[in-house]
Amino acid sequence: MLDEEQFAWLQEVIRTDSSPLICLTGINGLHTVWTSGKKYSNTEDDFRQRDRVAADYAGWVAAGSDGVIELLGSRDGIVSVYDDVHNGAILKNTKHRLYECSFGPIGRTEGRAAISGFGPAMKDYDGRDMLVKALYHMAYGTPELQPRTGPMYWNFMEMEFDPRKVDPAFGLRIRNLVDEPIAEPRMFCDRYCIPDRPSAHQPASGTETGSEC
């Protein structure tokens, strides 16, 4: 949870920074799309999302998240990225035009489970309208929750920002650690075409489908 001084600082940055694109890190789980099982709870009951683990592990509540989301949505060109849920995902808040990304794990397994109703167009646990542009999960390889194929899903987020154009461009790409640099990303979300992006990728073994924003 941001205290008043921290929120005031972030508010000043968002309102005065002239950069056409901003990458924000360190704010985890603004959108509650992940759940857990009983192994994360102090009970034998499987609470799933009711135990609010998707918010509690990062110290967030709905009101605190709403305030930050509204602030970030007050301007265009903001992408938030974090890694604590151990899943690769690219989400878009349709009301506030905010992109939130997660990635990982590297060297471990069992990331957070997806909440009931998870899909390409969905609401998070707090009722926010979301588009799931990409999902690279231990069990699933697409936002439609189709089974994942290929090697272990250890992954990282490749982020490319190009502020030179009138309409600034960014690319968000989930890559498996075993893939070559020229391989097609496992999942991707390119807001606009970036001229310098190589056009001849070599498909990786077990590559999942991608999408454009």
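The values are calculated or read from the model by the stated rules, or taken from the named source; none is laboratory data. What you see is a predicted model; the values in this text were computed from it and never measured. All Cβ positions, even for glycine, are placed from backbone atoms using ideal geometry, and neighbour counts span all protein chains on display.
General remarks:
- In region 94-109, the residues that are in contact (Cβ under 8 Å) with a residue 60 or more places away in the chain and closer than 15 Å to Pro143 by Cβ: Tyr99, Glu100, Cys101
- Note on region 71-89: among residues that are of a type in the set (A, V, I, L, M, F, W, C) and touching a strand residue (DSSP E or B) at 6+ places or on another chain (Cβ under 8 Å), the one that is modelled with the lowest pLDDT is Val85.
- Arg128 closer than 15 Å to Cys23 by Cα, among the basic types (Lys, Arg) and at pLDDT 90 or above: no
- Note on region 158-187: among residues that are touching a residue at least 60 places away in the same chain (Cβ under 8 Å) and crowded, with 23+ Cβ neighbours inside 10 Å, the one that is farthest from Arg112 (Cα to Cα) is Leu172.
- In region 132-213, counting only strands (runs of 3 or more DSSP E) that sit wholly within it, the ones holding 1 or more residues that are modelled with pLDDT of 90 or more and closer than 23 Å to Ile22 by Cα span 155-162, 169-176.
- Look at region 1-25: where a residue is closer than 20 Å to Ala63 by Cα and aromatic (Phe, Trp, Tyr) and a partner is modelled with pLDDT of 95 or more and not in a strand (DSSP E or B), sitting 6+ places away or on another chain with Cβ atoms under 9 Å, you get Phe7/Leu71.
- Top-ranked residue of region 78-114 - restricted to ones that are outside any loop (DSSP other than H, G, I, E, B) and over 11 Å from the mean Cα position of the chain (by Cα), ranked as nearest to Arg15 (Cα to Cα): Ile78
- Matching residues in region 1-52 - criterion: being modelled with pLDDT of 85 or more, assigned to a loop (DSSP other than H, G, I, E, B) and among the charged types (D, E, K, R): Asp17
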